[in-house]
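K.L.:
The structure that follows is given in the form of structure tokens.
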Amino acid sequence: MTRIRKKMSRPAPLGTTLQQAMEAARIDVDLDAYRLWQHWEDVVGQPIAENTQPEAIKGNLLLVNVSSAPWMQQLQFLKPELIEKLNEALGKDLVGDIRFKIGPVD
């Protein structure tokens, strides 16, 4: 089956083109989640970033590896503030909850 492509009057934005290509390929990639990983240290600050690493996001649950039990306990107290900062940086409510666990931190 041959499909005729409609001629464009002007170039399309790259972000729009990539999003359409991912949807067409059925790739379930959330660019906002990628931005979260990319800006982790800027959002949470250097001391927290040195002792944590985001591992995955499932729905609105962010899974974060933590270097030690004392850090994990401290982060439990900071959880509401971290959620607010992350969502503010992303410009939308992507993170609804964070689950911390002891795990590898690079």
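Readers should treat all values here as calculations from the given coordinates under stated rules, not as data from a laboratory. On a predicted model such as this, the values are computed, not experimentally measured, just so you know. Cβ atoms come from the backbone with ideal geometry, glycine included; neighbour counts cover every protein chain shown.
K.L.:
With a Förster radius of 35 Å, plug the Cβ-Cβ distance of residue 68 and residue 32 into 1/(1 + (r/R0)^6) and report the FRET value to the nearest 0.05.
P.N.:
0.75
K.L.:
Spelling out what I want: for every residue of region 86-92, take phi, set θ = phi - 60°, compute 6.51 cos²θ - 1.76 cosθ + 1.60 (Karplus), and round to whole Hz; glycine and proline get x.
P.N.:
With the stated coefficients, region 86-92 comes to 5, 5, 5, 5, 7, x, 6 Hz.
K.L.:
Work out the length of the dipole vector of the chain about its Cα centre, built from +1 on the beta-carbon of each Lys and Arg and -1 on the beta-carbon of each Asp and Glu, and round it to the nearest 20 debye.
P.N.:
880
K.L.:
Expressed in whole Å with the largest first, what are the equivalent ellipsoid semi-axes of region 52-106 derived from the C-alpha gyration tensor as the square root of 5 times each eigenvalue?
P.N.:
Semi-axes, largest first: 19, 12, 9 Å.
K.L.:
Something else about it: In µm²/s, what is D for the chain at 37 °C and 0.692 mPa s, where D = kT/(6 pi eta Rh) by Stokes-Einstein and Rh is the Kirkwood radius from Cα pairs?
P.N.:
207
K.L.:
If you don't mind, another one. Between residue 16 and residue 106, what FRET efficiency follows from the Cβ-Cβ distance if R0 is 30 Å, with the result rounded to 0.05?
P.N.:
With R0 = 30 Å, the Cβ-Cβ based efficiency is 0.35.
K.L.:
Return the calculated 222 nm mean residue ellipticity for the chain, to the nearest 500 deg cm²/dmol, obtained by summing -39500 (n - 2.57) across DSSP H runs with n ≥ 4 and dividing by the residue count.
P.N.:
-14500 deg cm²/dmol
K.L.:
Let me ask you something else. State the answer as a single residue: which of 62, 46, 103 lies farthest towards the positive end of the charge dipole of the chain, with beta carbon charges of +1 for Lys and Arg and -1 for Asp and Glu, about the Cα centre.
P.N.:
Of 62, 46, 103, it is 62.
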